[in-house]
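What follows is a set of notes on a single structure, which appears directly below.
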Amino acid sequence: MSDESATIQTRSTGSPSAGDLGLAISGSMEVRLAADPAEVDAAQALRYRVFYEERNARPVGDMAEKRRDFDEYDDIADHLLVLDHSRGEGPQAVVGTYRLIRRSRADSRGGFYTAGEYDISKIVGFPGEVLELGRSCVDAGYRNRPTMQLLWKGIAAFVFRYDITLMFGCASLPGNDVEAIAGQLSYLYHYHLAPERLRVRALPHLHVEMNRRAADQIDAKRALASLPPLIKGYLRLGGFVGDGAVIDPQFNTTDVCVIVQTDAVTDKYYRHYEREARGGREPEES
C-alpha cells in the first residue's frame with residue numbers, strides 16, 4: 001500500500017487537536033484522533049455494534065438504550081480513529097477505533113482501567129510516560145490488513161508525540177470457557193511471559209491460571225496462528241503477557257494483560273514514524 005502524502009503534525013504542549021497525527025492514506029482512508037465529541041460518540045457507537053450486537057457482550061446501565069459502549073475512562077482518553085471518507089464526513093466515516101490513556105490522564109481519574117483486573121504496580125512504577133491501550137474494534141467490513149496497519153501507524157505516531165516508554169492493556173480471547181482456549185493461554189505463558197520486572201499479575205480473586213498445558217504438549221505454531229489478530233500484533237511488536245488471565249462476563253471474553261516496551265518495537269511503521277516525527281521524509285515501504 002503506497003502512502004504518498006502521509007504527514008504527522010505535532011505540538012509542543014497541550015492535548016492533541018483534530019489535525020494531530022493526521023495521516024492521509026490512499027485518498028479516502030485516514031487515521032487520526034477524534035476531533036470533537038461527535039466523533040467520540042461515533043467511536044462509542046462502533047464499539048457497541050461490535051462488542052454488544054456482534055459479540056454478545058452484556059450492556060450495563062443505559063448502554064442498550066443509548067446503543068453506546070462507554071465508561072468513565074472515555075472522558076480522559078484520546079480516541080484514535082480510522083475513517084473512510086468515502087462514507088461521508090464526520091462521525092459516519094468512523095470504521096475503527098482504539099482508546100488511548102496516558103499516565104498523566106489516568107492520574108486525574110485515580111488510575112488505569114486495567115487496574116480493575118491486574119496488579120499493575122510495576123507498570124505504574126515504570127519511568128517515563130506509559131500508555132494504556134484498550135477498546136479496540138473495527139467495523140466488520142474493514143477487518144483487513146490495511147485497516148490494522150492504519151491503527152498501528154496511529155499508535156506509533158502517538159508514541160513518538162508523547163515519548164511513550166511503555167504500552168500495556170487488556171487484550172481478549174473470545175469466550176469464558178478457559179478449557180476451550182487452554183492451548184492458547186498455555187502458549188502465551190510458556191513463550192511470552194513478561195520478565196519479572198514487568199510481570200503484572202491478575203488480582204487474586206480474579207486470577208485464572210494460564211499454565212494449563214505443559215510446554216511439550218503445545219503445538220506452538222498452531223497456537224500462535226489461532227490467537228486473535230490483536231494479540232498477535234502485540235507479540236510481533238515484542239510484547240509480553242502478565243501472569244494470569246481474567247474472565248470478563250460482561251464482554252464474554254477471557255482477558256490477558258499485554259505489555260510492550262516501545263524501545264523494543266522494530267516494526268517498520270514505528271521506524272518510519274520515528275523518522276517522520278524527527279523531520280525526515282522518505283517513501284513508505286510497501
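The values are calculated or read from the model by the stated rules, or taken from the named source; none is laboratory data. Please read these numbers as outputs of a predicted model, since none were measured by experiment. FYI the Cβ positions are ideal-geometry reconstructions off the backbone, even for glycines, and counts take in every protein chain you see. Heavy atoms of the whole protein, side chains included, go into the accessibility calculation; ligands, DNA and RNA do not. Shrake-Rupley method; radii C 1.70, N 1.55, O 1.52, S 1.80 Å.
Quick notes
- Pairs are defined by a Cβ separation below 7 Å, a sequence spacing of at least 6 or placement on different chains, a first member in segment 125-136 that is buried (at least 23 other Cβ atoms within 10 Å of the Cβ), and a second member that is of a type in the set (Ser, Thr, Tyr) and not in a strand (DSSP E or B); the pairs so defined are 132/113; 132/114.
- Among the residues examined, residue 197 does not qualify as open to solvent by 30 Å² or more (accessible area, probe 1.4 Å) and over 23 Å from residue 261 (Cα atoms).
- In this structure, residue 183 does not qualify as part of a helix (DSSP H, G or I) and at pLDDT below 95.
- Qualifying position, being in contact with a strand residue (DSSP E or B) (Cβ under 7 Å, 6 or more places away or on another chain) and at pLDDT 95 or above, among 98, 48: 98
- Matching residues, segment 158-194, being aromatic (Phe, Trp, Tyr), surrounded by fewer than 22 Cβ atoms within 10 Å (Cβ to Cβ) and in contact (Cβ under 8 Å) with a residue 60 or more places away in the chain: 160, 162
- Answer from 212, 161 - the residue that is more than 19 Å from the chain's Cα centre (by Cα) and of a type in the set (Lys, Arg): 212
- Single unsatisfied condition, residue 232 versus (1) open to solvent by 40 Å² or more (accessible area, probe 1.4 Å); (2) closer than 19 Å to residue 180 by Cβ; (3) within 19 Å of the chain's Cα centre (by Cα); (4) at pLDDT 95 or above: (4)
- Tally of residues being closer than 26 Å to residue 106 by Cα and surrounded by fewer than 14 Cβ atoms within 10 Å (Cβ to Cβ) across segment 68-93: 2
- Filter result for the condition that a residue is closer than 30 Å to residue 209 by Cα and either touching a strand residue (DSSP E or B) at 6+ places or on another chain (Cβ under 8 Å) or open to solvent by 10 Å² or more (accessible area, probe 1.4 Å) (or both), over 118, 142: 118
- In this structure, residue 176 does not satisfy being on the phi < 0 side of the Ramachandran plot, touching a helix residue (DSSP H, G or I) at 6+ places or on another chain (Cβ under 7 Å) and part of a loop (DSSP other than H, G, I, E, B).
- Qualifying positions in segment 251-277 - open to solvent by 50 Å² or more (accessible area, probe 1.4 Å), assigned to a loop (DSSP other than H, G, I, E, B) and modelled with pLDDT of 55 or more: 252
Yes or no, residue by residue, for (1) touching an Asp or Glu at 6+ places or on another chain (Cβ under 9 Å); (2) basic (Lys, Arg):
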site	(1), (2)
34	yes, no
62	no, no
84	yes, no
94	yes, no
97	no, no
100	yes, no
109	yes, yes
114	yes, no
